[in-house]
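Written below as structure tokens is the structure these notes are about.
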């Protein structure tokens, strides 16, 4: 993992922003579950508990007396919860959305009666990119759990969390080490031995010929390669042939030397990397216009891709495949609609950000599980309730996910097209089977690694 | 063939931009003797200003460009010259470098402050969409504009230097400053003009590069290190050769990217890919080897003598014991999280300490301290995965050897060239070696940082483990204290005296029959060993160090802070470690995360005023009376101890403690001053010096001559 160091000229280059994007968003995972299994087995419709959109029994005053608890950070009237982020680090604003979502959720939940009568108290644990371990040590003094946050360099936080038995429901995990660490429930994450090639299958009818001559552009960055390499291995199984592979170094001075070799050789371009007007401009300069451009992993589902498309001419159709409910059609999902309204009420300038849904997903899972611990509130109880979820959908905001297994990749994805005007959900191409998602089990292929 | 022509054209564009920057660099170096490390930062300023005018404020493009070139560029140059550069006349080469390095760090931080680095920015190329097509080869108009601009700049510069009076004056100043002055040429005016031209060239390069490389302050600042290579090929003298150098570099970069970088199926290409991106730096390293050997020179008269007294044995022991005692004392006051962060202080302090013999004693400026530290951390992690102290030893040995090797390649070099060579080394490590995938040499597989998952285990010895933050903090202090003692011993030894002599006068050193190359290699080895230990301690503090912990820019900040505090003392090293390693400033002002770098930059620029550093120039004179007056010292100690006890027992809070200690630190020197028995009376002072602040023969040696001194001297 490359990154920069704070207190100095932050080397805020492409990889860093890409890295930030990389750990985040794009939930995969979960066993194929038939459509419509909304209610999960652990939700009990106890009296005095409020639903959030389609998520049942999230917050409420409960029976009147709060369940007993001897856990750290829990008093008779409050639960202290930490949110890991890097908002004031070398990339200002990194993970700030996690704090926004946490505040929005706590406001709603506390108004609804809290967790069986206990109010949620949020503490931002701002790791400034490299101080995350120290902030986890802080959290160990007063927080019940860490919820709805995350940091790119999270391998260093594993031992700090283990030292004080801190449980977590993060919005994302970046390192394999953290993904496999105990006392965690991961509502959104990626397994890395199985690859979802839905996007290639969905576009096969229209661009199947083009994918026989595929070019791939990736960034030479360990954490980004760890997701783009399995994808490349899976290409043949999706009927695509890689004929040119361009690995950009961390600091690119001249995109044209990487784009030039793609011209003539390739008809389709797979670009699972940070969007950059530099690449698009270079494509226009050398006259490279593939029949289709695709990001099959969804890391570029962000306002910055639209901005890049606005500033440089790209005539090829551009698709991004994601596994979250599209923010553009939030009106069709009551849970997402409510989540966005609450987030924007607190912080009006929330751009398209693939991290909003994972953060809400983590909070809803936390609150629902904590509320279900109506006998005694402990972090073990919360985690056990959470990982008992076999098909967590966060009210349809994400595809059903089996939280008991961190290695399974979800078959569900959907396709968005990207133009300078914004993202558009491609229902015809997606052929949805479950909500907006296409959950054909054959979308997932196994790779040898 | 199409590819080849494509790469050639884009290589020419790259070369043009390098050339514009390198010519500006050469111009100011020649006319003022200052190598402007911040030239890249000025390029970034140009690019961001252009974006602000053209995109953010929507000015017409020609107006935006004209404003940049006619107004912004010259004004920046003039302001720099008037406010900073002219003060550097008569300071040592090291000071000049540190000030411009500080300008680099400060400017880049300032840019990140003004222009939020998370926001997306792009500038469309000139004449976007217009492409010249010659038999299927597409050449965007923008390329043609860039290449022809560079050509015009080159021709115009040549005409300026050889066909105008201004140019003749500039060249005359370069050839012989004194003679030129005698002939009525004002060196000040010449300097102003060349700074104005040079910064305009930098801004022009920024305008040209903005549509091409994207707008990121750090990568623009670093990218231009490539242009340094072109300037060195031109031997920092010849503009035509610089131009040729830029041409070579531009083509080399783009061919290597195009043919090697984009062919990952070539065998071994995963190892070479990183190399491609640092190729210009390697060219810089090689070009330095072919520079004509710098003649041994005596020192030029300096405005201020830049050396200090040797530490006394008792003083060094007291200092080291004090450090450990303070470390033990401060632990209960820190919150567990802050203590966890603060463990990094000792690693950084040790790395800074490694610069004391190198920069402070021998006067060899190295800008790669953290690169060696990175090697130390990796060595310790691989040699002692269980955390045995042998890991520290192994780190010291390996980095000492690497240090000597670096010095051997740079042994003929001194001053600026040595600094450039170490910069090239640091960028090479940072940009290539630390990121290498696993490789096998002689049957042993090396995986340096293991893709960011490398663990440096905290050390244990004699059955005591330092895995906890508390134990490790004290352990770090202990290692630092021991290293500090060693450094003080070196300073008192023959070797230390030889290093001081080497710094004072290389030519005198050689005249005495001493081998300066051997001394240089030895001091590099010593410094490398300490840096390696520092790297191991830093790595163990972080436990999961990513290569970025040891980045080039990180090293620059540490170096700057160290030089700002004063290059001769372990105290300065500790101070640098505290500033860079402890999260104090950003915790106080969380919204100003660039504050630290900006302050370091500003303080470094201030160094032009008094190059001895803050400790020597301000702290020591203020505190010497305190050490002399026992009563006051005792009083201060008792107050501090009482405040500490009250805090630890919870009677007063941390903030009250900080307030009390702050009061003690501020007022103690004033109190001591009042009580100081050795303080000369006003009458004595006047009698001793006829109103001068020092005996006339010492004026300007230990302190600057004051305005009053000058008046007295003039009167006399």
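What follows draws every value from the coordinates through simple rules; no lab data is involved. Predicted model only: the values in this text are computed from it and were never measured. Every residue, glycine among them, receives a Cβ derived from its backbone with ideal geometry; neighbour counts consider all protein chains shown.
Some observations on this one:
- Relative frequency of Cα-Cα separations exceeding 16 Å in the stretch A:401-447, percent: 51
- Each residue of the stretch B:385-424 gets 74 Å³ once the volume of the Cα convex hull is shared out per residue.
- Translational D in µm²/s for the stretch B:183-245 (Stokes-Einstein at 25 °C, 0.890 mPa s, Kirkwood Rh from C-alpha pairs): 182
- Shape of the stretch B:476-528, Cα gyration tensor, a/c cut at 1.5: prolate
- Cα-based shape type of the stretch A:84-167, given that a ≥ b ≥ c are square roots of the gyration tensor eigenvalues and the cut on a/c is 1.5: oblate
- Ranked by the mean number of other Cβ atoms within 10 Å of their residues, highest first, the peptides B:385-394, B:555-564, B:345-354 come out as B:345-354, B:555-564, B:385-394.
- Relative contact order for chain B, counting Cα pairs under 8 Å that sit 6 or more residues apart, in percent: 19
- Radius of gyration and Dmax over the Cα atoms of the stretch B:78-182, both given in Å: 21.0, 61
- Rule-of-thumb Rg ratio for the stretch B:503-554 [Cα; 2.2 N^0.38 Å; N residues]: 1.71
- Counting beta carbons within 10 Å around each of B:367, B:398 and listing the fewest first gives the order B:398, B:367.
- Relative to the longest principal axis of the Cα atoms of chain B, helix B:39-51 runs at roughly 60 degrees.
- Taking the C-alpha atoms only, the angle from helix B:187-213 to the longest principal axis of chain B is near 70 degrees.
- Measure of compaction for chain B (Cα Rg per 2.2 N^0.38 Å): 1.01
- Shielding by partners - mean other protein chain Cβ count within 10 Å, residues of B:547-556: 5
- Here the relative contact order of the stretch A:144-273, from alpha carbon pairs under 8 Å that lie six or more residues apart, stands at 23 percent.
- Residue order for B:235, B:498, fewest other beta carbons within 10 angstrom first, comes to B:235, B:498.
- The convex hull of the Cα atoms of the stretch B:302-444, projected and averaged over all directions, covers 12.8 nm².
- For the stretch B:612-643 versus the stretch B:168-209, the gap between their alpha-carbon centres in whole angstrom: 47
- Per residue, the convex hull spanned by the Cα atoms of the stretch A:349-393 measures out at 83 cubic angstrom.
- Overall shape: prolate for the stretch A:353-449, with the ratio a/c of the largest to smallest alpha carbon gyration tensor axis at 1.5 or above and a/b above b/c.
- Its convex hull of Cα atoms gives the stretch B:537-580 a direction-averaged projected area, equal to a quarter of the hull surface, of 3.1 nm².
- Extension gain from residue B:707 to residue B:450, taking 0.36 nm per residue of separation minus the Cα-Cα distance: 86.6 nm
- Per-residue shielding of B:575-582, expressed as the average number of other chain Cβ atoms within 10 Å of the residue Cβ, stands at 1.
- Calculated FRET efficiency, residue A:163 to residue B:244, Cβ-Cβ distance, R0 = 60 Å: about 0.50 to the nearest 0.05.
- With the convex hull drawn over the C-alpha atoms of the stretch B:327-408, the volume per residue is 123 Å³.
- Shielding score for A:257-264, defined as the mean number of other chain Cβ atoms within 10 Å: 6
- Per-residue Cβ neighbour counts within 10 Å put A:439, A:381 in the sequence A:381, A:439, beginning with the fewest.
- According to the Kirkwood relation over distinct C-alpha pairs, the hydrodynamic radius of the stretch B:611-667 is 12.6 Å.
- Whole-percent P(r), the stretch A:255-345, all Cα pairs, 10 Å bins from 0: 16, 41, 25, 13, 6.
- Computed packing ranks the peptides B:163-176, A:72-85 as A:72-85, B:163-176, most packed first, by mean other Cβ atoms within 10 Å.
- Peptides A:279-286, B:183-190 ranked from most to least packed, by the mean per-residue count of other Cβ atoms within 10 Å: A:279-286, B:183-190.
- Legend: translational diffusion of the stretch B:353-508 by Stokes-Einstein, Rh = Kirkwood radius over C-alpha pairs, 10 °C, 1.306 mPa s; D = 91 µm²/s.
- Rounded to 10°, Cα long-axis angle of helix B:344-353 versus longest principal axis of chain B: 80
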